[in-house]
Amino acid sequence: QVQLVESGGGLVQAGGSLTPSCAASGRPFSSYTLGWFRQGSGKEGEFVAVISWSGGSTYYADSVKGRYTISRENAKSTVYLQMNSLKPEDTAVYYCAASRKSGIVRAKYEYAYWGQGTQVTVSS
């Protein structure tokens, strides 16, 4: 089992940047595929980005492609989500999640472990 704790959210103006991180504890971090999801107020949760266990493969939702970068440091058991050129519509609670499935995993049901979320608010 793995425990996930996000941090690094906050309030930023449109066009600004934030880099939330997610620290893991428990089973070997490097054995998990890691993803970021978000849920805005009154909206369904949506996939944002995923990174393979080695960090060699990444995939992004179209809405964030070119603006967000997911990365991981297995030695620190931490995954990051660098978010640039933020827009008000990026406002949401951002969650990191871990999956035992390898490869590019986008479906929420494939992720067994979830953090508590970190709020990101982008003002116009």
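The values are calculated or read from the model by the stated rules, or taken from the named source; none is laboratory data. From a predicted model like this one, the values you see are computed outputs, not experimental measurements. Methodologically, a virtual Cβ is constructed for each residue, glycine included, from the backbone with ideal geometry; neighbour enumeration extends over all protein chains shown. SASA here: full protein model, heavy atoms, side chains in, ligands and nucleic acids out. Shrake-Rupley method; radii C 1.70, N 1.55, O 1.52, S 1.80 Å.
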### Message
If a residue must be open to solvent by 30 Å² or more (accessible area, probe 1.4 Å), within 25 Å of Thr121 (Cα to Cα) and of a type outside the set (A, V, I, L, M), how many such residues does region 10-46 contain?
### Response
10
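Per-residue answers, yes or no, for (1) free of Cβ contacts under 8 Å to residues at least 60 places away in the same chain; (2) crowded, with 16+ Cβ neighbours inside 10 Å; (3) among the hydroxyl-bearing types (Ser, Thr, Tyr):
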| residue | (1), (2), (3) |
| --- | --- |
| Glu73 | yes, no, no |
| Val79 | yes, yes, no |
| Met83 | no, yes, no |
| Pro88 | no, no, no |
| Thr91 | yes, yes, yes |
| Lys101 | no, no, no |
| Tyr109 | yes, no, yes |
| Val120 | no, yes, no |
| Ser124 | no, no, yes |
### Count of residues meeting criterion [open to solvent by 20 Å² or more (accessible area, probe 1.4 Å) and either more than 20 Å from Arg100 (Cβ to Cβ) or not in a strand (DSSP E or B) (or both)] in region 59-71
8
### Query
Any residue at all in region 48-58 that is open to solvent by 30 Å² or more (accessible area, probe 1.4 Å) and under 10 Å from the mean Cα position of the chain (by Cα)?
no
